[in-house]
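Taking it in order: structure first as structure tokens, then the write-up.
The values are calculated or read from the model by the stated rules, or taken from the named source; none is laboratory data. This structure is a prediction, so every number in the text was calculated from the model and none was measured. Heads up, the Cβs are rebuilt from the backbone with ideal geometry, glycines too, and the neighbour counts pull from every protein chain shown. The protein model used for the area step is the full one, side chains on, heavy atoms only, and it has no ligands, DNA or RNA in it. Shrake-Rupley method; radii C 1.70, N 1.55, O 1.52, S 1.80 Å.
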Amino acid sequence: MPRSDVAGRVGRPGAGTGSGSRAAGIALLVLGAVLMGVVAVTTPWNALGPGAPEVRPDPARDFTPAQLARADAFDAATSLPGYLSLALTLVIAGVLVLTPVGARLIGRIRGPWWVRAILGVLGVYVVSLLLRWPLGMWMETVLREYGLSTQTWGTWTADRLKNFGLQIVLSGVAVLVIVALARKWPRTWWIPASLGAFTLTVVLSFAYPVVVEPMFNTFTPLPAGQLRADLLAMAAKDGVPVKDVLVADASRRTTALNAYVSGFGATRRIVVYDTLVSQPADEVKLIVAHELGHAKRDDVLYGTLVGALGAAAGTCLLFIAVQALRRRAGVSSAGDPRAVGLLVGLISLGTVLSGPAQNVVSRQIEARADAHALDLTRDPATFVAMQKSLAVRNISDLSPNALEYLLYASHPSTAERIAMARSWAGLNGLPRP
Ligand SMILES: [Zn+2]
């Protein structure tokens, strides 16, 4: 274990806290202020701009009582496994962070520090995987009952194990690097770790479409024909250079409809689910017009840079939290291989707690992409029809409660998106759908 850590806790005269927390705290404040400033200034808080008429979101106006009841029933059936899964994450993280249980279990492993750290990380993730397995099966069973999942238990298990492998490679390696850095620089490891977190976030987001997505789906160019010609013509009219629209074989997993943009620069791509291609062409065009809005504004690049700043700030916070909680968690420092449980627990807590803040910003960016789709197509009636068919097909939560909205809503609700289309129509002098 690094001896300098003990010296750090005693503190040299005039060396401030001596544990390095003061410098990390100042860096956290600076990065946090930059992050808040960038988000406050660049987030489109009012997507339609001033003068748009107020339209109240009202799901009962566009959906039948049967559709509303089905959405409520599906929401009720998925809420319980969803909340239990969240609670399990918090409990596991809480035990790792606030008690010495993780350190004691990992302390039984023998060998050089890196063997103990690797086996410790593997152990923590395997236990977590096994504990949440039944909840995953429960959720998958509900999706099948409602006809949303097309998976067999074989393909479901394969997907889950692939996700698990990915988590081990990404988070596991990050944790091991932190332990190694902390052994070398007990009081300043947060500096290289923050730079590493920033760089890793950018590199991962860039490489994601070409490295990670192909592990889960096969992508083929949208076949030549009227739809492809129309979509590429719309992109050209919009001034967004799009070489290709890719189709993902999402139907091997789900019946849901979706499309997305991922990557940036050389890896940027617009992807539509194969389930979407057979939908009415006007609705597909509107969905792709929304994605063009993301592409035109470089939302993925912007989100990546904000996320990278957040990761760097989060690493400073991680250092401070480790200094504050190490004794409670039964370890001497982050360089102690038994600290991997504390690190995994803190990272997991940080991920869960930052989710609602990310959703607040994401909802505004999604609203701007919706406004872009309306500006480009000038077809609010089809926009409303498209939102309705998406919501019915995907069994979207039509009236999310405040907690669900806070935790899960990366997009405005369907009723909000429809209300915005009506407001857009009012603003542009077109008949309100
Ligand atoms: Zn979007």
Notebook entry, point to check: For region 1-21, does any single residue satisfy the condition of being open to solvent by 60 Å² or more (accessible area, probe 1.4 Å), at pLDDT 95 or above and within 30 Å of Ile347 (Cα to Cα)?
Noted result: no
Note to self: Quick check on this structure: which one of Leu349, Leu398, Leu353 is away from the ligand (no atom under 16 Å from the Cβ), aliphatic (A, V, I, L, M) and open to solvent by less than 20 Å² (accessible area, probe 1.4 Å)?
What the structure shows: Leu398
Margin query: I want to confirm something. Restricting to region 55-90 and keeping residues that are touching a helix residue (DSSP H, G or I) at 6+ places or on another chain (Cβ under 9 Å) and assigned to a loop (DSSP other than H, G, I, E, B), which single residue is most open to solvent (accessible area, probe 1.4 Å)?
Written below: Arg56
Check: What are the pairs, 6+ residues apart or on separate chains, where a residue within region 355-376 that is more than 10 Å from Ser410 (Cβ to Cβ) has its Cβ under 8 Å from a residue that is among the small types (Gly, Ala, Ser) and more than 14 Å from the ligand (Cβ to nearest atom)?
Finding: Asp370/Ala421; Leu374/Ala421
Check: Within region 217-239, is even one residue within 16 Å of the ligand (Cβ to nearest atom), touching a residue at least 12 places away in the same chain (Cβ under 8 Å) and aromatic (Phe, Trp, Tyr)?
Finding: no
Check: Leu325 passes all but one of (1) within 16 Å of the ligand (Cβ to nearest atom); (2) surrounded by fewer than 23 Cβ atoms within 10 Å (Cβ to Cβ); (3) in contact (Cβ under 8 Å) with a residue 40 or more places away in the chain; which number fails?
Finding: (1)
Note to self: Being away from the ligand (no atom under 16 Å from the Cβ), closer than 26 Å to Leu148 by Cα and in a helix (DSSP H, G or I) is the filter here; which residues of region 401-430 pass it?
What the structure shows: Ala402, Leu403, Glu404, Tyr405, Leu406, Leu407, Ala415
Next item on the list: Inspect region 289-296 for any residue being out of contact with any Pro (no Cβ under 7 Å at 6 or more places or on another chain), of a type outside the set (A, V, I, L, M) and without any contact (Cβ under 8 Å) to a residue 60 or more places away in the chain and give the result as yes or no.
Entry: no
Note to self: Please go through region 300-322 and give me each residue that is crowded, with 23+ Cβ neighbours inside 10 Å and polar (S, T, N, Q), ordered by number.
What the structure shows: Thr315
Check: Taking interchain pairs and intrachain pairs at least six residues apart, which have beta carbon atoms under 7 angstrom, with the first residue in region 89-115 and over 12 Å from Val331 (Cβ atoms) and the second in a helix (DSSP H, G or I) and of a type in the set (Ser, Thr, Tyr)?
Finding: Thr89/Ser348; Ile92/Ser128; Ala93/Ser348
Next item on the list: Go over the candidates Val300, Val331, Val306 one by one and state the one that is of a type outside the set (Asp, Glu), in a helix (DSSP H, G or I) and more than 13 Å from the ligand (Cβ to nearest atom).
Entry: Val306
